[in-house]
Each structure stands twice: as C-alpha cells, then as structure tokens.
Amino acid sequence: MTDFTPRPAQSQILAYTGGKMGISAVPGSGKTHTLSALAAQVIRSGALADEQEVLIVTLVNSAVDNFSARIKEFLALPMPFGYRVRTLHGLAHDIVREKPSAAGLEDRFSIIDEREADFIRKEAANAWLQSHASNLNDYLLTDMDEGKRDWVRRQQLPDLVTNIAMAFIRSAKDNRLTPDKIRNLLDRSPAPLPLAAMGLEIYTDYQRALTYRGAVDFDDLIRLALDLLEHDTEFLERLRYRWPYILEDEAQDSSKLQEDILRLLAGPGGNWVRVGDPNQAIFETFTTASPQHLIDFVHEEGVQYRELPDSGRCQPSIISLANQLIEWVNREHPESEARDALTVPYIQATAPDDPQPNPPDNPDGVRLIGKKYAPEEEVEAVAKSVAKWLPEHQDSTVAILVPRNQRGVEVIEALKKRGIPFVELLGSTSSTRLASGRLGDVLACLADPQSAAKLSKAYLAWRRGGEEEAADGELHRQASGLLRKCAEVETFTAPHPGHEWLADIGSGDVPAEIVAELEEFQRIVRRWQGTTLLPIDQMILTLAQDLFTAPHDLALAHKLALVLRQAADDHSEWRLPELTGELGVIARNERRFLGFSEDDSGFDPSRHAGKVVVTTMHKAKGLEWDRVYLMSANNYDFPSAQPNDRYISERWFIRDGLNLEAETLAQLEALGTSSEFEWYAEGQATGQARLGYVRERLRLLYVGITRAKKELVITWNTGRTGEQTPAIPLVALQGWWEENKK
C-alpha cells in the first residue's frame, strides 16, 4: 500500500461510511488522491460482495488511467479487483452494451467519434444553407451591400450554422427531445421560431445519417442509457447491486443527464460521493455541463457536506491573489448578476508539517503587468521574458497559457525564432499542422491540375524539408515564382512537342540551375499524378516518401492516411477536393488531431522541465508549473458585461449583436414552455449568454492563476483593432496587489 498521511479535512472524508456526500475541493487539494484512498478503503473494509464493485466516474480518459493507477497502489494487490473507473461515456456504453435491443439498437451497433459527427453535422448544415439560402437574411446587418452579403453567405455562414447545429443537437439530446418531438412542438407553437426550425431540419438530417450507418453518437449513448435505466426496473436493480458505492470526480462538470443516470444508479438511499470545484467549471460554453448541479446537490436534505480547502500547490502570495479574486467577484464585480461566479471555500495553505508543503512565500514572484501591449508586442515581451528566465531554471517547469489555440501558434513562432525549446499542448502540434499542410498542398495541386498557383505551392511543399517556413534560398523563390506564372500548366506537367514550357523558358534568360531544379520537380509531379489512381491512404503514403524523411513525419503521414481512408470510406462520394479540405482543417488547427502526444493519455509537466509548455487555459486545468504566464487578459477574452465589451460568440455580420447560438437554444427551450410570460423574446438569450460567458471567464482566470506554483506573470493586449482594454478583474487585482504586497 502506498504511503498516505491524510490531512484533517481528508480524514473527515475517509470517515465516510455511507449515504450521499458532496465535497468542494480547491485546486491542488489532492481530491483524486483522496477519492482513490476512499475507494480502496471501501474495498478493503469488506463492504463488497464478490460480484460487487466501487464505481468511479470521472471526466476524461487520462483521469481514468490516473484513478486506476492510484487505487492499485493503495490496494497493493497483484490482481486488483472491486472497482471500475469510467468516463460517463464509458459507463453509458457499459450499460447499453448489456441490453442493446432494449435500447432499440442492433447487437453490433457502432459509435461514431467526434470527427465523424463533425462531418455529418457540417454536411447537414451546408445542405440546409444550399436549400434555404435567404432564410437567415433577416439576421444579417442591414447596411451590408449585396456583394458583402454574398461573401458572408459563402464564407461565414457555413461555420456559424454548423456551430449552431452542434449546440442545438446536443441541447436537444440533453433534454431528450427527438426530432419528432420537436416537430410536434413546433407545429403547436403560437409564433414562428425560425432558428429552432433550422435546428430541427439539420438535427433530422443528422439523425437520419446516423440511422443509415447503424450508429449512435456519444450523446445518444448517454440518453439511451438513461432510458434503459428508467424503463427496465429489474436491470436497474441489478446494476445498483453491482455498484453499491458511486464516487464521482469533477462533479462541477456534470450535465443533467449525467446527474440523472448516477442518481438512478445510487437510488434514494444509496451511497454517492460527489467531488468537485464549482470555481473550476470552465466547460459550459462547449458542453451542456453546469456547476449548478453540484451546488444544488450539496444543499439537498440528507447530503453530508465536506470541504477540501488545504492546498500545497501554490506559494502563499499566489494563494492570496486567487482568494482575492473570489472576494472581489463576490463583493465588487460591476455586474451584480456575475457575483456568484466564484464561491468559497477559500484556498488555505497547508500546515508546516504537511507532506506537501507550499513553496516559500515570494511576493516578487507575482507580476501583474499593466503595460499596454499590441498583440504582437505581448507575444514578443513574453518570449523575451522566457528567454531571460529559462537558462537559469533548467530544472523548473514553465507554461505560457493562452485563451485560444491560434494565439498559442503565434507564441510558438516567437519561441522558434529565439531558439527556445518548447512543448505544444494545443489542438494540434506544429509538426502535425506542417505535415497535413504540406500533404494538403500537394493534394490540392493534383485535385486542380490547371492551377499554376497550386502547382507553385506544391513545389514549396516539396522543397520545405521539414521546416514550417517557405522554401529557403533565392533559387527556390525564383522557381516558385516562375511556376506561378505558368499560363498553361499542362505544358509543364504533360508537355509534348511544340508545347514544352520548360524548353521555352530554358531558351530565354532563366539560369540553367533553375531550369534543372524545375526539371527535377517535373519528374516528381508526373510521378505524383500516377498516384491519383491509388486508394487515398496508399496515395498519402506514396506522396509522403517524397515529402518527408524524419521518422516522426512519416509516422504522422501514416496516421493522416488512416484518417483520410476512414473519411473516404464514410463518404463514398468524396473526391480529392473534399479530402484535401479535411487535411486543411487539421493544418489550420481547427480540430484536435490524435497523433502521438502524451495528451492522448495524460500530460505530465514534470517531464518537460527546462522547456516551455504552450497550451490553452482550458487544457491547463488539472496541471501545474513552477512559473506560469497568463496572456491576453483583456476585456475581449475576459469581459465583464460592460458596454464596451465584445463577445466571441457575437459575429460582426449579425445585427443587433445577437448571439445566434444562444437565440437558437432559447427558441428550443421555448417550445417546452406553456406560459405566455416565458415565451421567447429576441435578445434576452444573448444577454443571458453574455452573463454566462462572463461567469465562466472569471472561473477560467481563477484556474489560470492556480496553475502557478512559484511565479505568476499576467499580461494583456489591445486586440486586433487596438480597442481592447485590460480586463476589469485584472485591474482590480493590480490595485489590491499594490496595496497589499509585502
């Protein structure tokens, strides 16, 4: 058994003998360790029969592995038994897989992943736009000329409608509303709800596509598991017996369906322990989760309430800053409706004799930078600071936390220029983006063989040699420029007597070495043309032999080949242009690509001492570093519901600052409302969405601050237009810090 000396607050939790318990755990309080110890304690106590298990439900797969490893250590048995660790999706799969026919599924049903779900939603959204080209005209800015409107319809609306469709479908499934149910509600609606009608059509097409595949998505899986538990009493009782104790981690991120499933499994008098931190609920914008479920739970009659307030992660000055953020939000935030965003308990430093003592207090390790930076100046300032700090701290960990992936890409470019070692923890790594981008450029050329511009880009992809920059050297630049000017591409790629572009330029003033370079590329292109007869995966692997030499690039090409083969199998009508587009999505960092990173199974910052980890604030949750930079703390990335604030979900081309995603969900919600006083009113949902976003960004700032163990640097920038101001919470913390710094 692993050595574990519980703190007093942890001992109170380990004194648990049964019933319902809600636990509020501050960052770094050891909740995973405590919950693992509790699971092992229940198993060792003899409270379980041979066929029974403690069920642990957590948020992500890496946490599943973490819990399993810790419980094994506590039990110290060669063949651990008596517990099951699952994500909610894994648990739902276990439940449905036992009785698929009762859930209306075939015995060999399949589950589509998020990549394929994205494909289907996008196709359904585009199909709706093509057949309803003018339906959203009433929501566009009225002062746009027709040319601009056409551009918006072509370039902006597809992504917006796809995002709306994802939110609509997830919300509908979380409320257990099938397309038929929504259609019936719309038919009885006292007033038109055009956004809900749009969502319904796309939802219907999406579900039809799933049915055609004989598949379900992850949201279906959860809904079907709940349906099964509600309608099969004997099955429910059998599962209650199998899992007499339920331990739930990250309960602040529970959805309504998750809570309903676990409440059913626990039963009225069951044993259910929920651990979470409402202050770290930062995924509401992306999911149907809400910290309110945990907050309401701890106030239910008969629920035991405990706190884990002690944390050995941060030095005292950083703890004070995080606690002051809670205090300021509760008492002074300018928007009174946002004052419930953060709650007690405050973080407490550990006792002096604690096995995990806090780092020594160092007020100088906290720097709240008030300087006004342009976006590019902020990146350079942070890169310069890291370059100065890192050589003397090779044994320390450091991270730069950004609000979005694209900002992280900009930071990485600055680190590269300075030769600073880094590790990416973004949507996709630079090597993945580069490999997919180079392959995509070649495929685009082969898909459009008459385009001189694409031929030129394919040449640069061939000559890049593993660097993300454009091809080096004057020779490469001149060759690329000549290809771009080739008026008839076939005279280069498929010449015949009298129509030989290379012969024509060779007889002119073009240097012989450039002609020789282009002759070599001509041989390569003609070989590439032959690959178009191959299946897409074989085509990618063949092209990769000409583009890459490094083993990791070849391995990534193999992974990309499998992705495109799956896409081609799922979409038999797709040709090279569509498959090239899928590579473009990965290259532009618009979708996470599962390559060969530790992030697939858990990320350990301690393994990267002496390197800069660049990640988003969302992905940093659960991690910690000695030194942390928080970037872009302005009123766009951290708004406070003030008149000059702007919101990422409110698109510039939509009238009246409407958040169409929020308005669509409000129309969906209105369908289930019978009272005329609660009927949909345009704009109200946008206002509520702003408040929800403000609350979530306050929690995100709290999460960012509490990632830092010893040193913390916060900066802000003026945004692309130069109009952004420092976030109000940052200004408040700066004022407090100057008054209270020791």
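Once the gyration tensor of the Cα atoms in the stretch 284-426 is diagonalised, the equivalent ellipsoid follows with semi-axes of 34, 22, 16 Å, ordered largest first.
Estimated at the nearest 10 Å², the accessible area of S480 is 10 Å² with a 1.4 Å probe. With only Cα atoms counted, the stretch 1-51 has Rg and Dmax values of 11.8, 36 Å. Normalising the average separation of contacting C-alpha pairs (under 8 angstrom, six or more residues apart) by the number of residues puts the relative contact order of the chain at 19 percent.
Its residue count N sets the reference 2.2 N^0.38 Å, and the alpha-carbon radius of gyration of the stretch 1-141 equals 1.56 times that reference. Treating each Cα of the stretch 362-417 as one equal point scatterer and applying the Debye formula with no solvent, the log10 of I(q)/I(0) at q = 0.14, 0.18, 0.24 Å⁻¹ comes out as -0.43, -0.72, -1.18. Rolled with a 1.4 Å probe across the full set of protein chains, the surface gives D65 an accessible area near 90 Å². Grab the DSSP H runs of the chain that are 4 residues or longer, score each as -39,500 (n - 2.57), total them, divide by all residues and round the 222 nm result to the nearest 500 deg cm²/dmol. When only DSSP H runs of four or more count, the value is -16000 deg cm²/dmol.
Charge tally around I169: other residues with Cβ under 11 Å, Lys/Arg +1 each, Asp/Glu -1 each, net -2. In the calculated pair distance distribution of the stretch 478-533, what percentage of Cα-Cα distances lie above 16 Å? Counting pairs separated by more than 16 Å, the tail of P(r) holds 40 percent. Taking only alpha carbon atoms, the stretch 23-80 gives an Rg to Rh ratio of 0.97, where Rh is the Kirkwood radius. Accessible-area rank, largest first, for M166, M539: M166, M539, with all protein chains present and a 1.4 angstrom probe. Using every pair of separate Cα atoms, the Kirkwood estimate puts the hydrodynamic radius of the stretch 81-178 at 16.8 angstrom. By the combined test of axial Cα extent (at least 30 Å) and Kyte-Doolittle hydropathy (mean at least -0.5), the qualifying DSSP H helices of the chain come to 684-705. If you wrap the stretch 134-293 in the convex hull of its Cα atoms and look at it from every side, the mean projected area works out to 13.4 nm². Run the Debye formula on the Cα coordinates of the stretch 122-222, all scatterers equal and no solvent, and tell me log10 I(q)/I(0) at q = 0.15, 0.17, 0.20 1/Å. For the stretch 122-222, the Cα-only Debye profile gives -0.66, -0.82, -1.05.
Principal axis analysis of the Cα atoms in the chain yields extents of 91, 65, 62 Å, listed in decreasing size.
Expressed as a fraction of 2.2 N^0.38 Å, the C-alpha radius of gyration for the stretch 605-742 is 1.31.
Computed over the stretch 251-312, the range of Cα coordinates on each principal axis works out to 31, 30, 17 Å, biggest value leading. For Q156, what charge total do you get from the other residues with a beta carbon under 12 Å from its beta carbon, if Lys and Arg give +1 and Asp and Glu give -1? Local charge sum for Q156: +3. Count Lys and Arg as plus one, Asp and Glu as minus one, and take only other residues whose Cβ is under 14 Å from that of I295; the net charge is then -4. The mean accessible area for residues of the chain, using a 1.4 Å probe and ignoring ligands and nucleic acids, is 45 Å² per residue.
Largest first, the residues D546, D3 sort by 1.4 Å accessible area into D3, D546.
Whole angstrom only: what separates the Cα centroid of the stretch 187-257 from the Cα centroid of the stretch 363-407? So the two Cα centres are separated by 43 Å.
The H on the amide N of F422, modeled in the peptide plane, is under 5 Å from the matching H of V612, each at least 5 residues off or on a different chain. Structure shown: which of K122/K457; K384/K559; K122/K173; K621/K709; K122/K621 lie over 25 Å apart, alpha-carbon to alpha-carbon? Going by Cα-Cα distance, K122/K457; K384/K559; K122/K621 fall outside the 25 Å limit.
How much of the accessible area of the stretch 186-327, probe 1.4 Å, is carbon plus sulfur, in whole percent? After summing per-atom areas, the C and S share lands at 52 percent. Counting only heavy atoms of the protein chains and using a 1.4 Å probe, F235 has close to 0 Å² of accessible surface.
The values are calculated or read from the model by the stated rules, or taken from the named source; none is laboratory data. Computed from a predicted model, the values in this text were never measured in an experiment. With ideal geometry, Cβ positions are generated from the backbone for all residues, glycine too; neighbour counts draw on all protein chains shown. What goes into the accessible areas is simple: the full protein's heavy atoms, side chains included, and nothing from ligands, DNA or RNA. Shrake-Rupley method; radii C 1.70, N 1.55, O 1.52, S 1.80 Å.
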